[in-house]
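Here the structure is laid out as structure tokens; the discussion comes afterwards.
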Amino acid sequence: MQTRDDLQKHLEAIDFEGSISELLSILKQTHQDQLEHFESDIHLDVLETKQLIGALHEKLEEYDEAIKAFEDALEIQKKLAGSQDPTHYHEYEKDIERIRHKKESRDKQNCLYQLSFFPHFDWNDENTLRPFENKLSEMINLINLLTTDKEHIEPVVAERCYELATYYNHAKYQPNEALPYLLMAYNTYHSLPEDHLKNNEIAWVKNHLALTYYQKYVLAKQQNLKDEMSEYYRASDTYCAQLLNHHAYQDSSQPKLLSFTHCIKGQLSYKTHNYDMAIDHYQHSLELYEKLNVIDVSYAQIKTRYARALTRQKNCSVDPAVIFNELEEFWKSQENYTENHYAAKFFLSYADCLVKIDKTLALEKYAISHNTFSKVYGDQSTIAGYVAKKISSTEAKLAREKKQHNVTASSSSASFWKKDKHIILGVAAGIGLAAALTYSLKKPNGSH
């Protein structure tokens, strides 16, 4: 039987890939000849040929074929030796395990290389959405391959996990899909030395964990799942508290980070009807963001939430209508705003605030939102359907109001006629009587 040393000597004597390929072809033919000659694979010569075939495939980095050849050799060895000498079994098993490790390492490097070419997603840049979505399924497949070992995820993969989670948070409102990717990113970043983290990676992941649990809270609230509501609210609030406590001294150096956190705190307060607290957090969020001297999507979204909260505050000192008008001008100044899903969200929020005071104007804003969502996600998408229902509901309410107004106006006219017809008839009768008296006074004597 060929020993490992014998195989190594054979392989060391071969320098060129072409020579290996040629030798491999010869060995495969030899293997077929042996099977025909011995009429069985249970023979030492067949075993040695299989070993060498496996070793050559390994040298060519054809790992699947190498594993198959060594697995075949292991089966032959078992038939030859039976249970008398299991030592050689372990040698083959080690060979198979070693080659599998090489294959996994090679495949991982290939996946990492492919991943580096995929487009990035930035929730502040609508132009990144389409390219990212076009490659989404391929990227998820790669990430799944690269995260089978949750304890050893590469930092570059953790970055992509975080990016994917932000897509589910900001573009899709799917917190359940975002959560596992955030946790993988968090655990990876948390295991790295501090000098490997340069952009507050852990803090930003915590911000999105807070956002994710806030979104889960909102979805639970819609279904009236009280236990889940309490759990998710606490989780979101806890992450916010950790960030505000730990990074409070960084207000001036990390305005965007903490602005994000205050915005989530504002959302939590708004959803629990604590509008004064919500407004305080939104104001703080805006003040921090304004230090950047940047008016972008995030700033516009925070200001929209601020304006919406103002509509709920009693004795409001700031006119939310002014803010909504400013925001509408901002969005309409953006290129292709009718294809921007963040603009669609703004017009949806604006319409929700208008619907109680001006349903006609609210319908105009709902229409912009619906058309935009339909362009971005399709007519049959959940969000487009959601806005369509709002339009239908608002139209029905407006029709009822108009009908009620017409009935009231008609009733008023009828009441006016009923109330005043006696006066009119009385006046007419009075005029007739006066005319008769005049005629009578002017009538000559003896006349009838």
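The table below lists the values:
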{"quantity": "Inter-site label distance for residue 173 and residue 37 at 7 Å from Cα along Cβ, in nm", "calculated": "7.5"}
{"quantity": "Peptides ranked, highest mean first, by Cβ atoms within 10 Å: ranges 32-42, 384-394", "calculated": "384-394, 32-42"}
{"quantity": "Protection-proxy order for peptides 216-229, 171-184, each taking the mean of Cβ atoms within 10 Å per residue, highest first", "calculated": "171-184, 216-229"}
{"quantity": "Sequence ranges 364-372, 122-130, ranked by mean other-Cβ count within 10 angstrom, highest first", "calculated": "364-372, 122-130"}
{"quantity": "Farthest positive-ward along region 63-201 dipole, Cα basis, beta-carbon charges - from 123, 109, 164", "calculated": "109"}
{"quantity": "Backbone HN-Hα couplings from phi across region 314-319 [Karplus 6.51/-1.76/1.60, Hz, Gly and Pro as x]", "calculated": "6, 6, 5, 8, 10, 7"}
{"quantity": "Gain upon complete extension [residue 120, residue 26; 0.36 nm per residue less C-alpha separation]", "calculated": "29.0 nm"}
{"quantity": "Stretchable slack from residue 194 to residue 222, in nm (0.36 nm times residue separation minus alpha-carbon distance)", "calculated": "6.0 nm"}
{"quantity": "Links that overshoot a 19 Å alpha carbon limit, given the list 198/303; 59/102; 221/314; 68/103", "calculated": "198/303; 221/314"}
{"quantity": "Computed lengthening from residue 105 to residue 317, 0.36 nm per intervening residue step minus Cα-Cα distance", "calculated": "70.0 nm"}
{"quantity": "Cβ-based net charge around residue 171, under 15 Å, with every Lys or Arg adding one and every Asp or Glu removing one", "calculated": "-2"}
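Every read-out reported here was derived from the displayed coordinates using simple, explicitly stated rules and does not represent laboratory data. Being a predicted model, the structure only gives us computed values, none of them experimental. Because the Cβ atoms are built from the backbone with ideal geometry, glycine has one as well, and the counts that use them run over all protein chains shown.
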